[in-house]
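Below is one structure; the comments refer to it alone.
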Amino acid sequence: MRAQPGPARRVVLAGSTALVLGLVSEAPAAQATPAAKHHRGSLVLAGGGLKDDNTQIYGEIIKRAGGVKARIGVITAASVPESQDPDAADPDRCSNSACNGAYYAQLFRQHGAAHAQWVPIDLDHIVNADSDRVVAQVNEMTGFFFGGGDQYRYVTTLLDGDRHSDSRVLAAIRAKLARGAVVAGSSAGAQIASGPDMVSGGESYEGLRDGSSPGYFDDATRLGYVPRGGFGFLRSGLVDTHRRLRP
């Protein structure tokens, strides 16, 4: 049985419910086209702990991607790459980006998608984020699912440089969203959808009491954020993806 990806380095809200949004593309003006402005894409952002048998959420993603014709691209770059997974050779214990990508692709097919496949980008394959072949793969999809793990790995693999500009693959996903595709994510995959800033850690009480600061902090309760670290699919708020209940 596949091991679940570890949690990202933050404590945020929600459970296994999903936020579903229909939206006009919010791509930056430099990337928008006149044709894209009038098409609506969708976001389906689920909390952590999304179960394999959650037909409501997986079904919603597939429906918005075209139903029986849905073609889902699975992005699991938030997982460790194969080179860092000691169980990479064991299909029952592996928990790396390729293993998790294949798992989610099979899961989407089981839930009714016509086609689903892993988009091969991770810490071992950062160059693929600007590959003609992978851009072409993305352009064939009608929906995208970002898996959980550490959302900073998404920053590292899909955003270029200190200015965090789009890689070619991320720009292609953004353009597909503008033309009506669905972008979905769970846990870190939902967290990365907001922006431009990305929450990097913290807890609600301390955040309300002390405010936030840019960066990562050893104190897990301190609210931090990465400037321009989010993908900005959702720009009207922040996403909380895990809930910690206090007595």
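The values are calculated or read from the model by the stated rules, or taken from the named source; none is laboratory data. Quick caveat: nothing in here was measured; it's all calculated off a predicted structure. Cβ coordinates were reconstructed from backbone atoms using ideal geometry, including for glycine residues, and neighbour counts include every protein chain displayed. Quick note on the areas: whole protein, heavy atoms, side chains included, nothing else; ligands and nucleic acids left out. Shrake-Rupley method; radii C 1.70, N 1.55, O 1.52, S 1.80 Å.
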Notebook entry, point to check: What residue, among those in segment 50-69 that are part of a loop (DSSP other than H, G, I, E, B) and touching a residue at least 60 places away in the same chain (Cβ under 8 Å), is nearest to GLY101 (Cα to Cα)?
Noted result: LEU50
Note to self: Being in contact (Cβ under 8 Å) with a residue 40 or more places away in the chain, open to solvent by less than 20 Å² (accessible area, probe 1.4 Å) and out of contact with any helix residue (DSSP H, G or I) (no Cβ under 6 Å at 6 or more places or on another chain) is true for just one of VAL119, VAL138. Which residue is that?
What the structure shows: VAL119
Next item on the list: Select, from ALA178, ALA193, the only residue that is open to solvent by less than 10 Å² (accessible area, probe 1.4 Å), small (Gly, Ala, Ser) and in contact with a Phe, Trp or Tyr (Cβ under 6 Å, 6 or more places away or on another chain).
Entry: ALA193
Checklist line | Residues located in segment 98-116, provided they are free of Cβ contacts under 8 Å to residues at least 40 places away in the same chain and either assigned to a loop (DSSP other than H, G, I, E, B) or among the small types (Gly, Ala, Ser) (or both) | finding: ALA98, ALA102, ALA105
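If we keep just the residues of segment 196-219 that are touching a strand residue (DSSP E or B) at 6+ places or on another chain (Cβ under 7 Å) and touching a residue at least 24 places away in the same chain (Cβ under 8 Å), which is surrounded by the fewest Cβ atoms within 10 Å (Cβ to Cβ)?
TYR216
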Check: Of the residues ARG93, ARG153, ARG64, ARG133, which single one is basic (Lys, Arg), open to solvent by 10 Å² or more (accessible area, probe 1.4 Å) and over 25 Å from GLY41 (Cβ atoms)?
Finding: ARG93
